[in-house]
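I have placed the structure first, in the form of structure tokens, so that the comments after it can refer back to it.
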Amino acid sequence: VRKHETTTNDGKFIFAGRTTDTPTTASFGVGTILASPMLEWVRTHNSASSNTEAMDMRNTGTGSLFEYMVAGTEGTNGFTMKLLSQSSGISRSWVTTTSGSYWKALANTPSSVTSASRNTFVVGLASGSGNSNQSGQKGIMAGFDHTGSMWFINALGHTGNESLNAIERDVLNFNYITAGWSESHTSGRRGMLFRFSRGGFGTGNHHLECLS
């Protein structure tokens, strides 16, 4: 559950998850907790996989047009989706599937950026047989443009297992901070913070910190 980012003082929230009695269906939507709590809308994403779940959802946009980004998993693949909320209702703009990936969280560029220039960044994990060319489970991050095209994907890890579980923009909206855990270089599991540029992994300044 997250706060509806581009509205204020209206009690709106956004949520993502799965339909418990239908494991092939991810569910997500918008609700309000004002005097009359209610769900404003709910949509689903169906898959042939028995492990389909929306892991995170964020919104951007202003005025009468809101954009919603959803990230999740369907079996051994990750999915990223863009929804548009207009006066005519909720419509799906695109869905991109990434094989061998498990998306856990996402972040958008700010609403002040025009729609055609907005990007979405997702983080999660992948096995060595997926989008990681390293052995074991590795943390992964990827960027998608406003059309759903992936413009980078990279793995972060070493000899053990890693996972990236959360992501936020920094206060300047230039870098992205992701948090997770690592089992490399230690006999146990340590917390991990990683910063990367909005230009993609491999550009700008990076910083990695492992915490006990």
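The values are calculated or read from the model by the stated rules, or taken from the named source; none is laboratory data. Quick caveat, the model's predicted, so the values are computed rather than measured. Positions of Cβ are generated from backbone atoms using ideal geometry, with glycine treated the same way; all protein chains shown enter the neighbour counts. Protein only, heavy atoms only, side chains kept; ligands, DNA and RNA dropped before computing areas. Shrake-Rupley method; radii C 1.70, N 1.55, O 1.52, S 1.80 Å.
Below is a table of values for the structure above.
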{"quantity": "Förster radius 35 Å - calculated FRET efficiency between Val42 and Ser197 (Cβ-Cβ, nearest 0.05)", "calculated": "0.50"}
{"quantity": "Surface share of carbon and sulfur [accessible, 1.4 angstrom probe, percent] for segment 28-147", "calculated": "51"}
{"quantity": "For segment 3-51, the spread of Cα positions along each principal axis, largest first, Å", "calculated": "39, 21, 12"}
{"quantity": "Accessible area per residue in Å² at 1.4 Å probe, computed on segment 52-121", "calculated": "34"}
{"quantity": "Lysines with Cα under 17 Å of Lys12, excluding same-chain neighbours fewer than 8 positions away", "calculated": "Lys3"}
{"quantity": "Spacing of the two label points (7 Å from each Cα toward its C-beta) at Asn154 and Ser93, in nm", "calculated": "2.5"}
{"quantity": "Inter-site label distance for Ser117 and Gln86 at 7 Å from Cα along Cβ, in nm", "calculated": "2.3"}
